[in-house]
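The values are calculated or read from the model by the stated rules, or taken from the named source; none is laboratory data. Given the structure is predicted, the values throughout are model-derived calculations rather than measurements. Cβ: placed from backbone, ideal geometry, glycine included. Neighbour counts: every protein chain shown.
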Amino acid sequence: TQARITIDRDFTVAEVPRRLFGSFVEHMGRCVYSGIYEPGHPEADARGLRQDVLKLVREMGPTVVRYPGGNFVSGYNWEDGVGPVEDRPVRIDGAWHTIETNAFGLHEFVEWSKEAEVEVMEAINLGTRGVDEARALVEYANHPGGTYWSDLRRKNGAATGTQQDPFGIKLWCLGNELDGPWQIGHKTADEYGRLAQESAKAMKLVDDSIELVAVGSSSRQMPTFGTWEHTVLSHTYEEVDYISMHAYYQEHDGDAASFLAEGVDMDAFIDGVIATIDAVKAAGKHSNQVNISFDEWNVWYQRGLDGEDQPHNVAKAGWREAPRVIEDTYSVTDAVVVGSLLHSLLRHGDRVTIANQAQLVNVIAPIRSEAGGPAWRQASFWPFARMSALAKGQIMQLAVDSGKTPTAKFGDVDAVDATATWDEQTGRLALFLANRSMEEGAEVSVDLRGLSASGVRSAEVLTIPEGGDRNSANVLDAQDTVGLKTLQEVGIEDGVLHVKLPALSWSVLELD
Ligand code: AHR
């Protein structure tokens with residue numbers, strides 16, 4: 001396959017919204033317990049925060065982390081997770097059929113977020129709760145002091161040796177997936193829209209500097225997709241800053257070619273939501289701009305597997321603390337898909353300004369850990385880590401003329417999927433390339449117009465390891481089986497970059 005790409009310094013999309021490289025920690029399975037938090041683990045500090053996991057988190061580079069759910073939040077009382085640990089109630093979590101000890105809560109998460117160097121994105125419960133609890137939580141988290149809730153924060157901080165000063169949480173999700181019948185407190189779009197609007201108003205009366213995310217569709221396949229966004233935004237347009245999107249992808253019936261092209265689906269999904277937002281804006285004669293928070297996305301094998309960690313089997317096994325739930329192991333193919341989904345998000349960075357890969361540790365996560373044991377990176381860690389580190393400055397508008405690869409779901413699609421950023425300050429160009437063809441390598445030429453790129457600073461590729469196959473995954477005892485290797489065939493000649501990509505691969509190049 002051949003691909004010709006043109007990048008011109010005068011054609012840009014937007015500045016890279018750094019919150020695009022977000023992640024998600026839910027009280028689900030072992031994401032919190034024996035994931036980020038495990039008192040007594042040899043690598044845990046006095047607060048129980050696993051330093052081995054934190055090291056990998058910092059290396060991966062998420063900028064913002066959504067917490068505490070997810071489906072979990074729709075049945076959660078945030079007050080259960082604050083105050084002296086011995087006084088916290090043990091509860092049933094109906095969403096994941098789990099016993100929640102509440103040993104970890106908001107203060108602990110704020111402590112963790114400082115160590116992880118991430119912004120907190122806090123979700124409120126609009127499943128079983130409403131306006132009053134929402135405004136109380138904002139007062140608890142952000143008000144300086146001298147009121148009931150803010151003084152309780154100071155007292156609880158003192159009692160638990162955690163932060164007493166305001167947490168200063170800017171980003172808030174108005175509930176989670178309330179369009180889904182599986183959600184505790186599922187609502188119609190009108191019911192949710194009104195509740196979100198009134199909660200938003202009350203929260204902003206406590207702190208008008210916060211940014212709010214209204215719940216969008218749980219997936220593009222939802223029967224209410226489109227009308228849900230339209231109705232919810234018709235109620236909330238003036239009060240919110242973002243509407244959420246969620247999407248999980250997997251390989252169906254061995255059709256890897258279509259799976260590798262799911263970025264096409266993500267592009268169309270995003271374009272549909274942008275159109276709906278702008279229709280509501282026009283009809284309502286609004287002047288504010290609502291953008292998108294794609295606050296759950298990833299590869300997730302939801303069907304076809306019958307392992308013990310599948311939600312229906314977890315429920316059958318009875319009420320347990322922190323059981324294994326959806327601990328997917330990711331292959332090279334999955335990692336290439338993760339890379340191309342990140343391309344789609346970045347290409348839309350003028351309107352998708354927050355995105356959270358779901359989730360961070362153990363639960364469909366790029367980082368895995370064992371209780372009492374090690375922590376390690378999965379194959380899907382690498383595209384995220386490199387893009388978070390290198391996507392800086394302006395998102396470039398690319399002209400891509402690529403050879404095609406056939407898929408059953410989308411017809412012929414570009415074999416080479418690309419995105420790029422250019423940092424005027426450092427003069428560095430970062431180029432991200434997926435070759436979605438499973439059979440053919442790709443010869444790519446990139447015309448660098450108006451950019452003074454003269455040298456290749458780094459060039460790396462993630463592909464099938466020698467002797468491996470597309471299902472190759474990182475394993476504990478050989479972490480680098482699947483990892484980034486040096487991309488050999490790269491050169492710049494007369495302002496044109498030439499690079500050869502192996503079949504089924506994801507590559508990252510940095511030029512200066
Ligand atoms: O991330 C796993 C689950 O997927 C979340 O709890 C929920 O919001 C979504 O359905």
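Results, tabulated for the structure shown:
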item	result
Residue check for Ser209: among the small types (Gly, Ala, Ser), within 20 Å of Ile354 (Cα to Cα) and within 16 Å of the ligand (Cβ to nearest atom)	no
Residue match in the stretch 297-305 (condition: within 20 Å of Tyr33 (Cα to Cα), away from the ligand (no atom under 13 Å from the Cβ), modelled with pLDDT under 95 and out of contact with any Cys (no Cβ under 8 Å at 6 or more places or on another chain))	no
Yes/no for Gly69 being within 16 Å of the ligand (Cβ to nearest atom) and not in a strand (DSSP E or B)	yes
Single unsatisfied condition, Glu198 versus (1) more than 30 Å from Lys404 (Cβ to Cβ); (2) within 16 Å of the ligand (Cβ to nearest atom); (3) outside any loop (DSSP other than H, G, I, E, B)	(2)
Criterion violated by His312 - all others in (1) within 16 Å of the ligand (Cβ to nearest atom); (2) buried (at least 19 other Cβ atoms within 10 Å of the Cβ); (3) more than 24 Å from the chain's Cα centre (by Cα) satisfied	(2)
Residue list for the stretch 397-415, restricted to those being aliphatic (A, V, I, L, M) and closer than 25 Å to His252 by Cα	Ala408, Val413, Ala415
In the stretch 82-97, residue nearest to the ligand (Cβ to nearest atom) [restricted to those that are outside any loop (DSSP other than H, G, I, E, B) and touching a strand residue (DSSP E or B) at 6+ places or on another chain (Cβ under 9 Å)]	Asp93
Of the criteria (1) closer than 23 Å to Thr101 by Cβ; (2) acidic (Asp, Glu); (3) within 16 Å of the ligand (Cβ to nearest atom), which one Glu321 fails	(3)
Flag for Ser74 being within 16 Å of the ligand (Cβ to nearest atom) and assigned to a helix (DSSP H, G or I)	yes
Selection count, the stretch 356-368, where residues are part of a loop (DSSP other than H, G, I, E, B) and within 12 Å of the ligand (Cβ to nearest atom)	6
Criterion: modelled with pLDDT of 95 or more, of a type in the set (S, T, N, Q) and either in contact with a Gly (Cβ under 9 Å, 6 or more places away or on another chain) or within 16 Å of the ligand (Cβ to nearest atom) (or both) - qualifying residue of Thr276, Thr353, Thr333	Thr276
Residue in the stretch 1-55 that is surrounded by the fewest Cβ atoms within 10 Å (Cβ to Cβ), counting only those that are of a type in the set (S, T, N, Q) and part of a loop (DSSP other than H, G, I, E, B)	Thr1
Criterion violated by Trp228 - all others in (1) away from the ligand (no atom under 16 Å from the Cβ); (2) buried (at least 19 other Cβ atoms within 10 Å of the Cβ) satisfied	(1)
Test result for Ala391, of a type in the set (Gly, Ala, Ser) and within 30 Å of Val475 (Cα to Cα)	yes
Matching entry among Tyr140, Tyr67 (being more than 24 Å from the chain's Cα centre (by Cα) and surrounded by 23 or more Cβ atoms within 10 Å (Cβ to Cβ))	Tyr140
Close pairs (6 angstrom Cβ cut-off, 6 or more residues apart or separate chains): in contact (Cβ under 8 Å) with a residue 60 or more places away in the chain in the stretch 421-445, of a type in the set (Phe, Trp, Tyr) anywhere	Leu429/Trp422; Ala434/Trp506
Residues being away from the ligand (no atom under 16 Å from the Cβ), of a type outside the set (S, T, N, Q) and part of a helix (DSSP H, G or I) - total across the stretch 147-195	16
Matching residues in the stretch 83-121 - criterion: being of a type in the set (D, E, K, R) and surrounded by fewer than 23 Cβ atoms within 10 Å (Cβ to Cβ)	Glu86, Asp87, Arg88, Arg91, Asp93, Glu108, Glu111, Lys114, Glu115, Glu117, Glu119
Lone qualifier among Glu108, Glu100, Glu122 - being modelled with pLDDT of 95 or more, away from the ligand (no atom under 16 Å from the Cβ) and closer than 20 Å to Val363 by Cβ	Glu108
Qualifying residue in the stretch 283-290 (condition: in the same structural domain as Asp350 (by TED's automatic domain parsing), more than 17 Å from Leu342 (Cα to Cα) and part of a helix (DSSP H, G or I))	yes
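Conditions tested, residue by residue: (1) more than 17 Å from Thr419 (Cβ to Cβ); (2) modelled with pLDDT under 95; (3) away from the ligand (no atom under 16 Å from the Cβ).
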residue: Thr6; (1), (2), (3): no, no, yes
residue: Asp10; (1), (2), (3): yes, no, yes
residue: Ala14; (1), (2), (3): no, no, yes
residue: His27; (1), (2), (3): yes, no, no
residue: Ala44; (1), (2), (3): yes, no, yes
